[in-house]
Amino acid sequence: MLSKHITLSHSQIDTLLRHGLRVLALTSSFIVILIILFLFSESFGIVGEISPLRFFTDPGWYPTSEQFNLLPMIVGSLCLMMSALLLAAPLAILTAVFCNFYAPPALAVIVRRLIEIFTAIPSVIYGLWGLVVLVPIIASIQAPGASLLAGSIVLAIMIFPTIAMVSDSVIVAVPKKYIKGAVALGLERYSVIFSVVLPTAKSGLFAGMLLGAARAVGETMAVLMVCGNIVQMPSSLFDPIRALTSNIALEMAYAMDIHRTALFVSGTLLLMLVLILIILNEIYQSKHHHA
């Protein structure tokens with residue numbers, strides 16, 4: 001028996017594709033909502049047992065004594081994120097500028113491929129390098145070596161390729177007529193870059209930095225390996241710290257009852273930090289588009 005061939009028109013293919021993508025988008029959104037609801041449901045189990053203010057006012061993090069001060073770990077996570085961003089963002093943006101305006105085409109291709117390779121390296125490899133190489137170097141300057149500074153440098157190296165790739169994409173997308181017009185006015189190359197290209201691309205550059213910040217605040221393994229994991233408020237770059245992510249990874253395996261719930265509160269706070277970054281990006285993008 002001859003099989004019947006079913007042919008679809010372009011409009012039918014477009015309709016199927018649209019519905020399929022809609023299902024996939026709804027499915028991914030539903031999964032994210034389920035994760036958020038799970039975190040909140042596990043965290044709200046602590047309501048009624050201890051006051052939420054105790055997460056910021058308890059003497060310290062001593063789960064066996066039911067003391068759950070998360071403030072040092074929140075500050076440690078924010079310090080890691082900000083310091084890593086300060087180190088990585090300028091270098092990443094300048095690397096993108098170099099690839100687009102100064103590097104020969106062959107060299108630019110090599111640099112871009114190396115950046116792509118950096119994004120594929122597992123975080124534990126960065127952590128291992130930091131533990132074996134970076135921590136001893138910092139310890140030779142000031143003990144113990146495992147510190148906020150070590151975590152900041154490792155995280156900066158980790159988020160550098162993300163910011164660089166986004167920066168490269170948005171710089172490439174700057175309309176060529178803007179650049180040609182600036183050159184026609186007699187502007188030098190550096191003036192074109194800093195007066196035309198970067199201001200035009202600032203919206204995308206900001207989005208890239210926030211993407212890097214979100215990865216930095218959510219990183220676990222590398223931070224756990226090089227930061228010392230001591231719960232304290234950092235007073236200098238050489239102080240050991242413990243991030244929220246490290247706290248969950250270290251204690252979730254044996255946590256029970258209220259201790260386990262407190263760790264879910266840590267996860268909820270991390271989620272809120274990421275949501276704040278997303279909201280900031282949306283606000284900035286909205287203002288930029290309406291400007």
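The values are calculated or read from the model by the stated rules, or taken from the named source; none is laboratory data. Worth saying up front: this structure is predicted, and the values here are computed from it rather than measured. Every residue, glycine as well, gets a Cβ built from its backbone with ideal geometry; the counts of neighbours run over all protein chains shown. Just so you know, the surface numbers come from the protein's heavy atoms only, side chains and all, with ligands and any DNA or RNA stripped out. Shrake-Rupley method; radii C 1.70, N 1.55, O 1.52, S 1.80 Å.
Here are some notes:
- Scanning the stretch 32-61 for residues that are part of a helix (DSSP H, G or I) and of a type in the set (D, E, K, R) returns E42, R54.
- S236 over 26 Å from I121 (Cβ atoms), at pLDDT 90 or above and open to solvent by 30 Å² or more (accessible area, probe 1.4 Å): yes
- Of all residues in the stretch 62-78, none are free of Cβ contacts under 8 Å to residues at least 24 places away in the same chain, surrounded by 10 or more Cβ atoms within 10 Å (Cβ to Cβ), outside any helix (DSSP H, G or I) and charged (D, E, K, R).
- Scanning the stretch 31-61 for residues that are open to solvent by 40 Å² or more (accessible area, probe 1.4 Å) and of a type in the set (A, V, I, L, M) gives I31, V32, I33, L34, I35, I36, L37, V47, L53.
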